[in-house]
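Colleague: Dumping the structure here so I can ask a few things about it.
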Amino acid sequence: MIFVSDKQLKKQLKKQLKNKMIKSSFGEPVLLNSLVFSYDYILNYLFYVAFPLALMCHIPTMWGERQPVLMVYYLFMIWANDVFAYLVGMAVGRNPLFERLSPKKTWEGFFGGLVGAVLVGVIGSWQVGGSPAAWIGFALVAAVTGVLGDLVESMFKRAAGVKDSGSTSP
């Protein structure tokens, strides 16, 4: 899968529109009113947007009764992880986490994010009920996988030579 910037895509489109044929990454020609719909973009949206949202709707019903507040607290854990990691990393961050992929991420920020997610997990166990140990474990898993996801995305961006992935991935 190759991520391209808008400038690169426009340049490629201009060249290929002269021939009136555009090939997707799988080789099929695709041209529809000067808009390109390639299968790799559709698969990106399916796996990065539709599939996770479908799971988010299903997870609160897995244990019998429907509890949508579980997913709300999951999102709060992710947000707390990001916010605490940023604030702690900016305030006291000195040791790079993985400098080659994401030079501004620090170990101090990582642990600050873990603390933020665990705090929201403890609040969630108090508000919704359930074992605080289970909520803390859920918060730790959410925080660690969130950081790993950020690092994997940074790896893809570095490999593609893209600084901002807002226009290249959903």
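The values are calculated or read from the model by the stated rules, or taken from the named source; none is laboratory data. This is a predicted model, so every value here is computed, not measured. Cβ sites come from the backbone with ideal geometry, for glycine too, and all protein chains shown count toward neighbours. Keep in mind that these areas ignore ligands, DNA and RNA; they rest on the heavy atoms of the full protein, side chains included. Shrake-Rupley method; radii C 1.70, N 1.55, O 1.52, S 1.80 Å.
Colleague: Determine the pairs where a residue that is closer than 25 Å to GLY93 by Cβ, located within segment 106-134, has a partner that is open to solvent by 70 Å² or more (accessible area, probe 1.4 Å) and of a type in the set (Asp, Glu) with Cβ atoms under 9 Å apart, the partner being 6 or more residues away or on another chain.
Modeller: GLY113/ASP82; GLY116/ASP82
Colleague: Let me ask another. Can you tell me which residues in segment 134-144 are more than 12 Å from ASP82 (Cα to Cα) and among the β-branched types (Val, Ile, Thr)?
Modeller: Across segment 134-144, the qualifying residues are ILE136, VAL141.
Colleague: Only one of (1) in contact with a helix residue (DSSP H, G or I) (Cβ under 7 Å, 6 or more places away or on another chain); (2) free of Cβ contacts under 8 Å to residues at least 40 places away in the same chain is not met by ASN81, so which one is it?
Modeller: Of the numbered conditions (1) in contact with a helix residue (DSSP H, G or I) (Cβ under 7 Å, 6 or more places away or on another chain); (2) free of Cβ contacts under 8 Å to residues at least 40 places away in the same chain, the odd one out for ASN81 is (2).
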